[in-house]
Amino acid sequence: MLNNHLFQPVVLTKSHCCIASAIHQTGFDFPWTTQTFESLLLLPTTLGWISNTGILVCSCICDEIEILTICVHTDYRKQGLGEQWLHFLFAYASTHHMKRILLEVSIENKPAFNLYLKTGFTEIARRKNYYKKKDGTFCDAVCMEKLI
Ligand SMILES: CC(C)(COP(=O)(O)OP(=O)(O)OC[C@H]1O[C@@H](n2cnc3c(N)ncnc32)[C@H](O)[C@@H]1OP(=O)(O)O)[C@@H](O)C(=O)NCCC(=O)NCCS
């Protein structure tokens, strides 16, 4: 597999939340704080992983997984790591008899939207003006699913 030394995910725990937040800051206009990660981890439905180059946090309810956030550190993008994270999640979903993976992505986030299309997600709905941008304007969210 590509980039094995850059992709060694471990389950996200409270001790990782500070570094998770630092990675998140490289990818989002409104990054999650350490406290946001810690609060999410208190929920029994939250499951996350972290590697030295990225994070993936999901919510698992019954046989569905929702991707809450995914971020590859900006220094390590375009090397196939985003794809590796998703294939890692597909393997987890399959092993745990999950039926569907869901997510929302900004219509303006072409790297992420393309990544999801490439890995087999399809559009199922749109949410109008769902995301607020740094300049105060809004853009639509695309809701996507992948059946496992
Ligand atoms: C989206 C993200 C996770 C992709 O991670 P990555 O490791 O760079 O992606 P990969 O190298 O695995 O690329 C896989 C595919 O994604 C798409 N892609 C990735 N970067 C892209 C870019 N800059 N422009 C267009 N498409 C892109 C392409 O389809 C690519 O396949 P290709 O290399 O055959 O063209 C990364 O850009 C990121 O962390 N962004 C900031 C956080 C974010 O937006 N998260 C998603 C929120 S919904």
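Rule-based calculations on the coordinates, nothing more; no lab input. These numbers come from a predicted model, not from an experiment. Ideal geometry is used to build each Cβ from the backbone, glycine not excepted, and the neighbour counts take in all protein chains shown.
Once both labels are positioned 7 Å from their Cα atoms along Cα-to-Cβ, the gap between Asn114 and Leu42 label points is 4.0 nm.
Once the Cβ-Cβ distance of Lys134 and Thr26 is raised to the sixth power relative to R0 = 22 Å, the FRET efficiency obtained is 0.90.
The alpha-carbon of Lys134 sits under 22 angstrom from the alpha-carbons of these lysines, leaving out residues fewer than 8 places away in its chain: Lys110. As a proxy for reagent exposure, Tyr92, Tyr130 were ordered by neighbouring Cβ count within 10 angstrom, fewest first; the result is Tyr130, Tyr92. Shown for Leu147, Leu56: other C-beta atoms within 10 Å of each C-beta, ranked fewest to most, produce the order Leu147, Leu56. FRET efficiency for the pair Cys18 and Asn52, taken as 1/(1 + (r/R0)^6) with r the Cβ-Cβ distance and R0 = 22 Å, rounds to 0.95. Helical runs assigned H by DSSP (4 residues or longer) give the chain a calculated mean residue ellipticity at 222 nm of -8000 deg cm²/dmol, each run adding -39500 (n - 2.57) before division by the residue total.
Computed over the Cα atoms of region 4-147, what is the convex hull's projected area averaged over all directions, in nm²?
Here the figure is 8.5 nm², rounded to one decimal.
In order along region 101-111, the Karplus-derived 3J(HN,Hα) couplings, from 6.51 cos²θ - 1.76 cosθ + 1.60 at θ = phi - 60°, round to 10, 10, 6, 10, 9, 5, 4, 8, 8, 4, x Hz, and Gly and Pro are given as x.
Counting other Cβ atoms within 10 Å, which trypsin sites (Lys or Arg not before Pro) in region 100-148 have at most 12 and lie in a DSSP loop? Here the trypsin sites (Lys or Arg not before Pro) that fit, given the DSSP loop and packing criteria, are Lys133, Lys134.
From most to least packed by mean Cβ count within 10 Å, the peptides 14-23, 27-36 give 14-23, 27-36. One decimal place: the segment Arg77-Ile61 gains 2.8 nm when fully extended, by the rule 0.36 nm per residue minus the C-alpha distance. Once you reduce region 79-106 and region 108-132 to the center of their Cα atoms, the two points are 14 Å from each other. Given a cut-off of 24 Å, name the pairs among Lys78/Lys146; Lys99/Lys128; Lys14/Lys146 whose C-alpha atoms lie farther apart than that in the structure shown. The pairs that break the limit, which is 24 Å between Cα atoms, are Lys99/Lys128; Lys14/Lys146. With θ taken as phi - 60° and the Karplus curve 6.51 cos²θ - 1.76 cosθ + 1.60 applied, the whole-hertz 3J(HN,Hα) list for region 48-54 is x, 9, 9, 10, 5, 10, x Hz, x standing for glycine and proline.
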